[in-house]
Amino acid sequence: MKFVLSHPLDEAGMELLRKSNAEIYIANSADSYSYLDEIKTADAFIIRVAKCDAAVMDACPNLKVIGRTGVGFDSIDIVHANKLGIPVVVTPGANNISVAEHVVALIFALAKNLCEADAQLRAGNWQVRDAHKTFELANRKIGIVGVGAIGREVARLCRGIGMKTAGLDTFCPENVEAAGCERYDDLNSLLRDCDVITLHSPLTPETRNMITAKEFEIMKPGAMLINTSRGPIVNAQDLADALNSGKIACAGVDVFEEEPAERSDPVFSAKNMICTPHTAALTNEGSARMAYMCVEGCLVVCNGGQWLKVADKKVYEHPRFNGSV
C-alpha cells in the first residue's frame with residue numbers, strides 16, 4: 001500500500017508506517033495539487049497542513065482513506081469524502097492536554113503582562129513594572145465556548161488555580177455540567193458575565209465570524225480573549241480594533257485567518273496581544289500521540305476495517321463497506 005504525507009509525521013507515526021512496509025511519499029508541501037500525481041496512486045493521504053477538496057478526491061480513485069493529525073477537519077471536504085466512501089481519520093483526545101496547557105499558559109502570560117515586561121526590561125525600561133496591567137486570576141470567571149475534550153481539560157486546570165468555570169456547548173449541552181462548569185445556553189450571556197473567554201469550537205458555517213465587533217461590545221470591560229481553535233471564528237480586524245481601543249484588555253491567539261499567517265494580519269499590529277504560530281497541539285507528547293493514532297486508523301481502513309475515530313461515522317453506510325462495490 002502507498003501513503004502520501006503532506007509533511008513528515010512525528011517519529012512514532014513514521015515508525016508504525018515503516019513497520020507496515022507501506023510505500024511512503026513525503027511532499028513537504030501544503031499545496032496538494034503540486035503532488036497530485038503521487039496522491040493518484042496512493043491508498044492513504046495524511047494531512048498535517050494541506051487541503052483535500054472534492055477535485056483532489058475525484059482525481060484519486062485509488063484513495064481509501066484520508067488522515068488528519070488533529071481534531072479540526074475544515075481543510076477536508078467531508079461531505080464529498082462521505083459520498084465517495086472515504087473515511088477521514090482524526091485524532092480526538094490526542095492533543096487535549098497539550099492545547100489546554102497552552103491556553104492556560106497564554107492566560108497566565110497575559111494576566112501577568114510577561115511579554116511586554118520582558119521586552120521593555122531588555123530595552124532598559126525598568127519602569128514597565130508600573131504599567132498596572134497585571135491582575136490575579138483567582139476568583140475570575142472563565143467562559144469556555146465548546147466543552148469537548150480540550151474544553152474539559154481547560155476547565156480542570158483553571159479550577160486548580162481558583163478560577164470559576166462556565167461553559168457553552170451548542171452541539172452537546174450536557175458536556176458543560178459534566179465538566180463541572182456553570183451552564184450557559186446563549187453566547188451573549190456568557191460574554192457578558194465572564195472575565196476570560198476561550199474558544200474551542202470547530203470551524204463551521206455557523207461558527208465563522210462568531211466573534212465580531214458586536215460580540216466585543218458585549219464583553220466585560222477588561223476582558224481577555226483566547227483563541228486556539230480556528231482563526232476565522234474571530235474577525236481579525238474587529239479583534240485588533242477592540243484591543244487598540246481598550247474595549248477588551250488583552251488577547252492570545254494561536255490560529256489565524258490564513259496560515260501561515262501573513263504579517264499584514266491585523267492582529268500583529270494590535271496592543272496587548274500574544275500570538276503563537278498554531279503550536280498549541282505540537283508538544284512532543286501530543287505530536288507523538290496524534291501521529292501514531294492517525295497512522296493506526298489509516299492502516300485499519302486500508303486493510304478493510306472500520307476505524308471509529310473518523311470525522312463522520314456515516315461514511316461507513318457507503319456501499320463499499322457492505323460489499324456492494
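Throughout, read-outs are computed from the coordinates displayed, never taken from laboratory work. All values derive from a computational prediction rather than experimental measurement. We place every Cβ from the backbone using ideal geometry, glycine too, and count neighbours over all the protein chains shown.
If contacts are Cα pairs under 8 angstrom and at least 6 residues apart, what is the relative contact order of region 110-232 in percent?
22
By how many nm would the segment from Ser29 to Leu308 grow when fully extended, if each residue of separation counts as 0.36 nm and the alpha-carbon distance is taken off?
Gain in length upon complete extension: 97.6 nm.
Please say if the chain is rounded, prolate or oblate, where rounded means a/c under 1.5 for a ≥ b ≥ c the square roots of the C-alpha gyration tensor eigenvalues, and otherwise the choice is prolate for a/b larger than b/c and oblate otherwise?
The shape class here is prolate.
Counting alpha carbon pairs within less than 8 Å and at least 6 residues apart, what relative contact order, in whole percent, applies to region 46-106?
Value for region 46-106: 34 percent.
Using 7 Å Cα-to-Cβ label points, what is the Trp126/Ser264 separation (nm, one decimal)?
Roughly 4.4 nm, to one decimal.
Can you bin region 20-72 into rounded, prolate or oblate? Criterion: square roots of the alpha carbon gyration tensor eigenvalues sorted a ≥ b ≥ c, rounded for a/c under 1.5, prolate for a/b above b/c, oblate for the rest.
rounded
Show the residues, 5+ positions off or on another chain, whose built amide H is closer than 5 Å to the amide H of Ile197.
When sequence neighbours closer than 5 places are left aside, the close amide H contacts are Gly143, Met224, Leu225, Ile226.
In the structure displayed, which of Lys133/Lys271; Lys19/Lys309; Lys40/Lys64; Lys19/Lys313; Lys214/Lys271 lie more than 18 Å apart, Cα to Cα?
Violating the 18 Å limit, Cα to Cα: Lys19/Lys309; Lys19/Lys313; Lys214/Lys271.
Kindly state, to the nearest 0.05, the FRET efficiency for Ala213 paired with Thr170, given R0 = 25 Å and r defined as their beta-carbon distance.
Computed FRET efficiency for Ala213 and Thr170: 0.70.
Just want the answer: with Cβ charges of +1 for Lys and Arg and -1 for Asp and Glu, which residue in Val49, His200, Ala105 is farthest toward the dipole's positive end in the chain?
So the residue furthest toward the plus end is Ala105.
Which residues in region 184-198 have a backbone N closer than 20 Å to a point placed 7 Å from the Cα of Ala138 along the Cα-to-Cβ line?
195-196
Tell me, what ³J(HN,Hα) does each residue in region 231-242 have, in order and in whole Hz, if you take phi through Karplus 6.51 cos²θ - 1.76 cosθ + 1.60 with θ = phi - 60° and put x for Gly and Pro?
Each residue's phi maps through the Karplus curve to give x, x, 5, 10, 6, 4, 5, 5, 5, 4, 5, 5 Hz.
Between Ala119 and Ala54, what length comes free when the chain is fully extended (0.36 nm per residue of separation minus the Cα-Cα distance, one decimal in nm)?
Answer, rounded to one decimal: 18.8 nm.
Rounded if a/c is under 1.5, else prolate if a/b is larger than b/c, else oblate: which is region 245-290, with a ≥ b ≥ c the root eigenvalues of its Cα gyration tensor?
Judged from the Cα gyration tensor, region 245-290 comes out oblate (a/c at least 1.5, b/c at or above a/b).
Okay, helix-only estimate at 222 nm for the chain: each DSSP H run of n ≥ 4 adds -39500 (n - 2.57), divide by all residues, round to 500 deg cm²/dmol; what do you get?
So the helix-based figure for the chain works out to -9500 deg cm²/dmol.
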